[in-house]
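Working notes, structure below.
The values are calculated or read from the model by the stated rules, or taken from the named source; none is laboratory data. Bear in mind the structure is a predicted one, so any value in this text is a computation, not a measurement. Using ideal geometry, Cβ is built from the backbone for each residue, glycine included, and neighbour counts are taken over all protein chains shown.
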Amino acid sequence: MYVYYTPYAPVPEPDSLLALLPPIRRKRFIEAGYYHPGPLFAYALLSLALDRHYGISAEKAIRYTDQGRPYLPGTPVHLSMSHSKTHALCVLADFPVGCDIETHRPISDRAKHRILAPCENPADFFAHWTLKECAIKLAGRQERPLSQIPFTITGDLAQGDGVHGWLYGQIPNATAAVLAHLPFPKPDLTRIDPELIFSHAAKKL
């Protein structure tokens with residue numbers, strides 16, 4: 001399994017990152033009429049990872065399920081992506097996987113009530129939130145409210161109903177998580193410098 005993240009940075013040539021989005025996502029991004037770094041960095045990070053480890057061109061190969069989950073038809077590669085207010089994250093694996101990253105920020109009591117199960121510690125809010133978002137991505141859909149998707153956390157290890165995962169707390173001002181159906185060793189988390197993202201995108205033009 002490969003787990004990559006990158007912080008956002010000013011983009012010298014936005015069109016080079018835009019070109020790495022699959023056509024349907026690129027069209028929606030342009031039609032939205034505003035610039036958000038999240039999708040650009042997430043797909044650029046995914047493009048770099050797929051090219052580096054599998055020689056796959058993400059922008060040409062990615063398809064989507066009816067629920068919007070990305071997949072790579074005809075390959076054994078499973079993937080997941082996430083982007084927050086400050087970072088993008090992607091995971092590649094040979095089994096179904098879900099990932100999420102959230103930037104730390106003030107959270108209202110209403111949001112905590114909506115997301116946390118009664119048994120979960122509010123002090124671990126971002127850990128639980130990322131794990132629940134991972135579970136939705138792993139399932140391909142949201143079958144129940146987030147407050148009804150409880151997790152038990154022991155250090156960096158997390159367990160839920162039929163799912164197992166890992167937390168990453170070393171990202172500045174953010175929490176990330178990776179989740180799968182079966183237990184798996186904790187993969188290394190690799191930081192990709194934005195400059196490497198930009199150079200990779202320029203070479204793909």
- prompt: Before we move on, is ARG110 surrounded by 12 or more Cβ atoms within 10 Å (Cβ to Cβ), without any contact (Cβ under 8 Å) to a residue 24 or more places away in the chain and not in a loop (DSSP other than H, G, I, E, B)?
  reply: no
task: Only residues that are in contact (Cβ under 8 Å) with a residue 24 or more places away in the chain, assigned to a loop (DSSP other than H, G, I, E, B) and farther than 30 Å from PRO12 by Cβ: list them for region 170-205, please.
output: HIS181, LEU182, PHE184, LYS186, PRO187
query: If you go through region 1-48 one residue at a time, how many are hydrophobic (A, V, I, L, M, F, W, C), free of Cβ contacts under 8 Å to residues at least 60 places away in the same chain and part of a helix (DSSP H, G or I)?
result: 8
- prompt: Mind checking which residues of region 139-161 are part of a loop (DSSP other than H, G, I, E, B), under 18 Å from the mean Cα position of the chain (by Cα) and farther than 17 Å from PRO183 by Cα?
  reply: GLY140, ARG141, GLN142
- request: Could you tell me which of the residues ILE136, ILE101, ILE56 is part of a loop (DSSP other than H, G, I, E, B) and not acidic (Asp, Glu)?
  value: ILE56
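Residue-wise test of (1) over 23 Å from ILE192 (Cα atoms); (2) under 16 Å from the mean Cα position of the chain (by Cα).
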site: PRO22; (1), (2): no, no
site: LYS27; (1), (2): yes, no
site: GLU31; (1), (2): yes, no
site: PRO37; (1), (2): no, yes
site: SER47; (1), (2): no, yes
site: ARG52; (1), (2): no, no
site: SER57; (1), (2): no, no
site: ILE62; (1), (2): no, yes
- request: Scan (1) of a type in the set (A, V, I, L, M, F, W, C); (2) at pLDDT 95 or above; (3) crowded, with 18+ Cβ neighbours inside 10 Å for the single condition ALA117 breaks and write down its number.
  value: (3)
query: Looking only at region 2-26, which residues are within 18 Å of TYR64 (Cβ to Cβ) and touching a Ser or Thr at 6+ places or on another chain (Cβ under 7 Å)?
result: LEU20
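So that you can scan it fast, the table gives a plain yes or no per residue for (1) buried (at least 22 other Cβ atoms within 10 Å of the Cβ); (2) of a type outside the set (D, E, K, R); (3) under 18 Å from ARG191 (Cβ atoms):
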position	(1), (2), (3)
PRO22	no, yes, no
PHE29	no, yes, no
PHE41	yes, yes, yes
LEU48	yes, yes, yes
ASP51	no, no, yes
message: Looking at region 141-200 only, could you name the residues that are over 14 Å from VAL97 (Cβ atoms) and basic (Lys, Arg)?
response: ARG141, ARG144, ARG191
message: Checking the structure you have, find out if any residue of region 68-87 is assigned to a helix (DSSP H, G or I), modelled with pLDDT under 95 and in contact with a helix residue (DSSP H, G or I) (Cβ under 7 Å, 6 or more places away or on another chain).
response: no
- prompt: Could you count how many residues in region 116-132 are outside any helix (DSSP H, G or I) and either in contact (Cβ under 8 Å) with a residue 40 or more places away in the chain or farther than 19 Å from GLN142 by Cα (or both)?
  reply: 4
